[in-house]
Amino acid sequence: MFLRICMILLLMVSPVYVYGAEVYVQSLKAPILAEPKMGSKEVATARRGDALEILEKTQGWYRVKYKDVAGWVWKLLVDTGPPKGKVSILEETDQKLEEGARRRASAYVTAAAARGFMEERSRLNTLYWLNFDDLEWLEKIKVEDERALRFLEED
Amino acid sequence: MGLKRFILISLILFLFTNITYSSDFRRRASQASEEEIYKTEDDIKAEVIFGRSLSARILGRYPLYKDKDITEYINLIGKGLAQYAGRPEIEFHFGILDTDTINAFSAPGGYIFITKGCLKEIEDEAELAGVLAHEIAHIVERHIVKEINLRAPDESPLTGFASLIAGATGTAEAVFTTFVDKAYEILFERGYKIEDEFSSDRFSVNLLKLSGYDPYGLIRFLKRLNEKGKVKEIKGTHPGIVERIQGLKRFMEENQISGDDKKTRKERFYEKTGRK
Amino acid sequence: MIKKQERRDFMKKLAGNSFILIVILLFLCTYSYADEYHYVNSIVGERAAGLGGAYTAVSDDPSGCYYNPAGIVFAPGRRLSISVNAYNVSTKTYKDALHKTTGEGEDWVLKSSQLLPNFFGVIQQLGPGKIGFSYAVTDSYLRDQEQVFYNIRSRIPGVSIERYVLNIDDEDKVYNLGPSYALKLRDNLSTGLTLYLHYRDGKIIRNHLLNLSNGEFDWENYYLSWREYGLRPILGFMWEPFEKISLGITFSRTFLLDSKTRIQQTVRGPASYGYGVNDVDFRVLESSEKHKYPYVTTFGIAYFPSRFLLFSADLSYNTRVEDRKAVLNGAMGIEYYLSPSLALRAGGFTDMANTPRLKSGVTNQPEHIDIYGGTLSITYFTKNSSLTIGTVYSYGSGKAQVIPETPAQQDARINSLTVYIGAGYSY
């Protein structure tokens, strides 16, 4: 009885091993290579969203299991958690953004005034200019990901 | 007797069987790990909002060169490259700055700028892709985000209450503006950490290979700049060009990456940039 | 110079002179730096208090400045601050301290209640290590009570005390305030130093009015105050010998730089003791004698089996000093996360008396009460902050001799309940 309790306690507090953890491919495709070198032979190609089981970790590379193949994948192409959709703040209407900016600005003004920074800030404002107009021009140029991929594959 | 020995052995095995020893064991369930921070949707939104402010400041210094065709061209290349990088949640934007200085900038949240002066020194599409890939690297590896510890403010009412009791001062706004100032300083004065620059160079080579470009794109461009003596103009915020070229050479040798002359797309580059 | 022996002589004198006045004596005996009989007086800190104060090997947040400064270098994030406000109620009961003329015993109860901020701390990165600043109220009580006893036996044959009015206004607070700095010596070994300014301020005001059955009365007023300044350095080390295990050790002591004690007393005794209508005795005694605090060593071990669970245990040893014994106290705590945003903590601790056990047949012995306590707290976490509600309950029993010059001993009981709210913020 005592033995059983001890075993259960031990198991309950056993360390959770890192290995056996999974990562997901974030980039469009992630080559699984024979060695942790970008120029080595490609043994498989994983696609965005595929799950890879980590077997080993070294600087900048993971040795993983993909389907029935083991190989190395570049660390920056994967992450814990499946790939997320695009995060954008431009979904909010212009008006909302404006309000937000005003709200933020006024909250800042209160804080700054309270800390006596008002004068310094208005001096800085004449030193540089926030050019949101050009930024908005740039953001209006829409290029879809698929079209970009095709462009890359041309030729 | 057998029982006691069993327990003793289990205890010893259990205490010593951990293969990896990371001081991370102190971290409690309420604390995010190194790998988890900066990655919540709120953090990414904060990153984009921040990046826009920083971009607006960059554009305040160097306005955009508003040529729709060329801008579209670099967006096609840049967004194509970005597909092969590891941040699908970021909407990248690529713009050309109207100045003859030779430089390229990236702001968190996916905003990347290359100067007209820099474009003039580029001879083919692989070189352009190399420069853009280096900037994409700063965003994928979150160099500025990590250096200034940029995270979404915690706006739950409980936090406000807790901050009141615990005596923290300052509002998110004041902190935000300070961050923008700091990031601007990194871009225009101090420069990124040297390791971050080398790391971005290596990333560029990898990204070029993955996306089907000649991996020698960036190194070729840097070599030409060096030979032409155009070093002074970019030195301020980047480590020595000679060190970068040597670092890239070593990296490509170690990783057995070879050039591919067929993937430079020189003709398309000349056509799109109006060069003869 | 008021030495302890002088104080006892003075008490004896009063005893010889009048007294019936079991009562003044009552007061005089319990005149002491009240909880100078115990070393674990206040368990401070938002997280530490839930763990029974077993924090020497954990200490990885601002309360680490108080428990083991070496630990603050393991705190996550750039800047952290915490603050705790506590409400405490405690009672000390001396059973049958007084006896009525009918023979029954009457308890004497001392109650203390107060609300105070008992800890504030902030830590942040500075150079290669972490710097901290904290403030703790390590001991505090506040008594404000009036009591009336009727028909109490006195020592004078044939005379009883018809009415005894006893008004008490006692306070004592010990503050620790100061900076800390910690450095990693190796990846898993760190050291830290806290330099606290120690400030203690207290007073005991007792007003006694006794109406005797022979028509006479006795009135005495005592105002005893003390104030001391000193330094309390705490040197700590933290070592993580294996994964998930942390060991901590600290050494500290309070060194007094200045101390002032003053006793002012006014006595208008009963007529049959020679007091004429307008006779009032007045006396003031002052002393700058610095009293000695013990050397304290604490040793702790903590085991972190997972991100959801933590066990911690501490032992603390206070050396023998002046007429107080050496004391060994222990504490244990467990922290369990029900979810990444909710944690539960429970702990237990001992707070043993630093006085010897009372011997029979001896008079004027200080009380000996061993205390045991338990703690419980719950914390809610958001991304950057935490809010904690917790409680500490302790119970002690032992013996006391509240009546001087008599070998009679009383059973004594202490009950103390603290409820606190704490908040932590990272920015």
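The values are calculated or read from the model by the stated rules, or taken from the named source; none is laboratory data. No experiment lies behind these values; they were computed from the predicted model shown. Don't worry about glycine lacking a Cβ; one is built from the backbone with ideal geometry, like all the others, and counts go over all protein chains shown. Note: accessible area is taken over every heavy atom of the protein model, side chains too, but ligands, DNA and RNA are not part of it. Shrake-Rupley method; radii C 1.70, N 1.55, O 1.52, S 1.80 Å.
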Quick one: check the C-alpha center-to-center distance for the range C:291-351 versus the range C:177-204, whole angstrom. 17
So what's the gap between the Cα centers of the range B:246-273 and the range C:219-271, to the nearest angstrom? 73
Straight-line reach from residue B:193: which aspartates and glutamates have a Cα under 16 Å away, not including same-chain ones fewer than 8 places off? B:135, B:141, B:147, B:185, B:201, B:243
Hand me the GluC sites (Glu not before Pro) from the range C:317-372 located in a DSSP loop with no more than 12 other Cβ atoms within 10 Å, in residue order please. C:322
Just the accessible area for residue A:37, please: 1.4 Å probe, Å², rounded to the nearest 10? 60
Partner aspartates and glutamates whose C-alpha sits under 20 Å from that of residue C:399, ignoring same-chain residues fewer than 8 away, are C:35, C:36, C:96, C:104, C:106, C:107, C:323, C:351, C:367, C:370, C:411
Average beta-carbon neighbours from other chains, 10 Å sphere, peptide B:45-52: 3
For each pair in A:57/C:383; C:203/C:290; B:39/B:116; A:41/A:67, compute the distance between the two Cα atoms and list the pairs where it is over 24 Å. A:57/C:383; B:39/B:116
Per residue of the range C:298-313, what does 6.51 cos²θ - 1.76 cosθ + 1.60 with θ = phi - 60° give for ³J(HN,Hα)? Whole Hz please, x for Gly and Pro, Karplus curve as stated. 10, 10, x, 9, 9, 10, 10, x, 8, 5, 9, 9, 8, 10, 9, 9
Mean per-residue count of partner chain Cβ within 10 Å for C:142-152 equals 0
Probe 1.4 Å, all protein chains present, accessible-area order of B:97, A:130, largest first: A:130, B:97
Which residues' amide hydrogens lie under 5 Å from the amide hydrogen of residue A:131, considering only partners 5 or more residues apart or on another chain, with H built in the peptide plane? B:57, B:59, B:60
Cross-link partners of residue C:130 among aspartates and glutamates (Cα-Cα below 15 Å; sequence separation of 8 or more within a chain): C:60, C:61, C:187
Environment charge at residue B:137 (Cβ cut-off 11 Å; Lys +1, Arg +1, Asp -1, Glu -1): -2
Estimated vicinal HN-Hα couplings, Hz - the range C:153-158 in sequence order (Karplus 6.51, -1.76, 1.60; Gly, Pro = x): 5, 10, 8, 7, x, x
Average partner coverage of B:56-68, which counts Cβ from other chains inside 10 Å: 5
Taking K and R as +1 and D and E as -1, what net charge do the other residues with C-beta under 15 Å from the C-beta of residue C:169 add up to? -2
Could you derive backbone 3J(HN,Hα) for the range B:138-148 from the dihedral phi with the Karplus parameters 6.51, -1.76 and 1.60 (θ = phi - 60°), listing whole Hz in sequence and x where the residue is Gly or Pro? 4, 6, 5, 8, 6, 4, 6, 3, 6, 5, 9
Cα-Cα longer than 27 Å, checked against C:292/C:359; A:37/A:142; B:120/B:249, kept in input order, equals A:37/A:142
Using only the alpha-carbon atoms, how far is helix C:4-17 inclined from the longest principal axis of chain C? Give it as 0 to 90 degrees, nearest 10. 30
Just the accessible area for residue C:411, please: 1.4 Å probe, Å², rounded to the nearest 10? 80
The summed charge of the residue C:150 Cβ neighbourhood (under 15 Å; Lys/Arg +1, Asp/Glu -1) stands at -2
